[in-house]
Amino acid sequence: MLASPLQLFSQTDKTKTMEKNIASKGYAARDNSGHLSPWTFERRAVGDNDILIEIKFCGICHSDIHQLRGDWGEQQYPQVPGHEIAGVVTAVGKNVTKFKVGDHAGVGCMVDSCGTCESCKHGEEQHCDNGATLFTYGYPEKSSPTSITQGGYANNIVVKEHFAIEIPKSIRLQDAAPLLCAGITTYSPLVKASIKKGDKVGVAGIGGLGHMAIKLAKAKGAEVYAFTTSANKVKDILAFGAKETIVVDTIDKLKPYYKTLDYMISTIPVNYNIGAYASLVKPYGTYTQVGMPAKGEITVNTFAFNNNRVNFRTSLIGGIPQTQEIIDYCAENKIYPKIEIIKGEEINEAWTKVLNKEARYRYVIDAATI
């Protein structure tokens, strides 16, 4: 085995040579219409530091829709979305030490970075100082047979060991998948804000990210106030652990809560009246935006922030160490997303439901149906 860098452990504990690219199939968009259809393609051959994951489940994120429709910039097609990937390791490269065949593993929003800059060395690969963060789909990649990274709406993926997350077998793969984006995206800013018992935390926008923010803030001991435009979500939101749910059918519904919250996180993925929502936070408190609208643009009224004196921040997922941390934390504390498992043929319908705020609360694709 050691004589060749291309020999890998197979599931039968024998060795096999995988010198060729890996055949893969998935659902891809061909243009910015965002319509997905079956596509066969190839992954790179498994390298010395890579693992091959047979994908079992992949969550659907609003980001998938934004990117494939070109909302964040021009895209290259065909492109397979998906960055909430959970599955089983089926092969490992000769230098791999973290995984063995049969382990459960996941892939989130990143698959590479420079690994040498200060941000990378301190576990913030998403902020690579050299601009070398390689996101899971749609980004130029020399080793990819398609010239770009391809995501997890597929049956397998080849990824560097460092960028794969260990998933404890105490948590179901379908429950772990959404934690790799929706979970870490809300967990990271909550940790940075040092949320503690008794803090009053607001969550704006209760979808895939928002419902996880409620669960995680509640687990930290916070009193959670949830703000939604969907009256039919109230019962669910209270079950997630919110102390109170405010249906914002008019902006006036926010006024009774002005200057009452210690911290607030917004997952709203469209342009909205951010000044009004941020004014719910006490002066000099923090308001964090994690929802990513088209072009990444939100209108900020400076007069509003002059008056409310609130610190406005944004947050982008979390590094690999922190992503591992949330998986372990949720597995240990039995914090799971509310999911609905769908077949590959239902992806386009699910996307429409996400846009119409009908998801309850994370669609997860069963990769066996792709």
Fill in the blank from the handout: Residue set Glu141, Glu161; condition within 21 Å of Gln322 (Cβ to Cβ) and among the acidic types (Asp, Glu); output residue Glu161
Practice task
Please find, within segment 37-80, the residue that is surrounded by the fewest Cβ atoms within 10 Å (Cβ to Cβ) out of those that are assigned to a helix (DSSP H, G or I) and not aliphatic (A, V, I, L, M).
Solution key: His66
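Quick one: in segment 101-120, which of the residues that are among the charged types (D, E, K, R) and either without any contact (Cβ under 8 Å) to a residue 12 or more places away in the chain or in contact with a Phe, Trp or Tyr (Cβ under 7 Å, 6 or more places away or on another chain) (or both) is surrounded by the most Cβ atoms within 10 Å (Cβ to Cβ)? Working first, answer last.
Step one: list which residues in segment 101-120 are among the charged types (D, E, K, R), which gives 103, 112, 118.
Narrowing the set further to residues that are either without any contact (Cβ under 8 Å) to a residue 12 or more places away in the chain or in contact with a Phe, Trp or Tyr (Cβ under 7 Å, 6 or more places away or on another chain) (or both) leaves 112, 118.
On the way: Asp112: 20, Glu118: 10.
Checking each candidate, the answer is Asp112.
Specify which of the listed residues (Gly123, Gly87) is crowded, with 21+ Cβ neighbours inside 10 Å and either touching a Lys or Arg at 6+ places or on another chain (Cβ under 8 Å) or in a loop (DSSP other than H, G, I, E, B) (or both).
Just one listed residue meets the conditions, Gly87.
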Problem - Those residues of segment 262-295 which are assigned to a loop (DSSP other than H, G, I, E, B), among the aliphatic types (A, V, I, L, M) and open to solvent by 20 Å² or more (accessible area, probe 1.4 Å), in sequence order - result: Ile268, Val270, Met292
Handout entry: Subset of segment 172-195 (residues that are out of contact with any Asp or Glu (no Cβ under 9 Å at 6 or more places or on another chain) and either assigned to a loop (DSSP other than H, G, I, E, B) or among the aromatic types (Phe, Trp, Tyr) (or both))
Key = Arg172, Ser194
Fill in the blank from the handout: Selection over segment 126-160 where residues are assigned to a strand (DSSP E or B) and either open to solvent by less than 10 Å² (accessible area, probe 1.4 Å) or within 21 Å of Leu180 (Cα to Cα) (or both) yields a count of 9
Practice task
Taking only segment 332-343 into account, find how many residues are assigned to a helix (DSSP H, G or I) and either closer than 14 Å to Ala217 by Cα or touching an Asp or Glu at 6+ places or on another chain (Cβ under 9 Å) (or both).
Solution key: 1
Handout entry: The one condition in (1) within 19 Å of His211 (Cα to Cα); (2) assigned to a loop (DSSP other than H, G, I, E, B) that Ile298 fails to fulfil
Key = (1)
Problem - Among residues of segment 301-326, those that are assigned to a loop (DSSP other than H, G, I, E, B) and of a type in the set (Lys, Arg), counted - result: 1
Handout entry: Residue within segment 164-185 that is over 22 Å from Lys98 (Cα atoms), surrounded by fewer than 20 Cβ atoms within 10 Å (Cβ to Cβ), aliphatic (A, V, I, L, M) and at pLDDT 95 or above present
Key = no
Problem - Conditions (1) of a type in the set (S, T, N, Q); (2) buried (at least 22 other Cβ atoms within 10 Å of the Cβ); (3) closer than 30 Å to Thr97 by Cα; number of the one not met by Thr228 - result: (3)
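Can you name every residue in segment 212-226 that is under 21 Å from Lys353 (Cβ atoms) and in contact with a strand residue (DSSP E or B) (Cβ under 8 Å, 6 or more places away or on another chain)? Walk me through how you get there before you give the answer.
Within segment 212-226, the first condition is being under 21 Å from Lys353 (Cβ atoms), and the residues that meet it are 212-214, 226.
Correct list: Ala213, Ile214, Ala226.
The values are calculated or read from the model by the stated rules, or taken from the named source; none is laboratory data. In this text, all values refer to a predicted model and were calculated from it rather than measured experimentally. In this analysis, Cβ positions are derived from the backbone assuming ideal geometry, glycine residues included, and neighbour counts consider all displayed protein chains. These area figures cover heavy atoms from the full protein model, side chains too; ligands, DNA and RNA do not enter into them. Shrake-Rupley method; radii C 1.70, N 1.55, O 1.52, S 1.80 Å.
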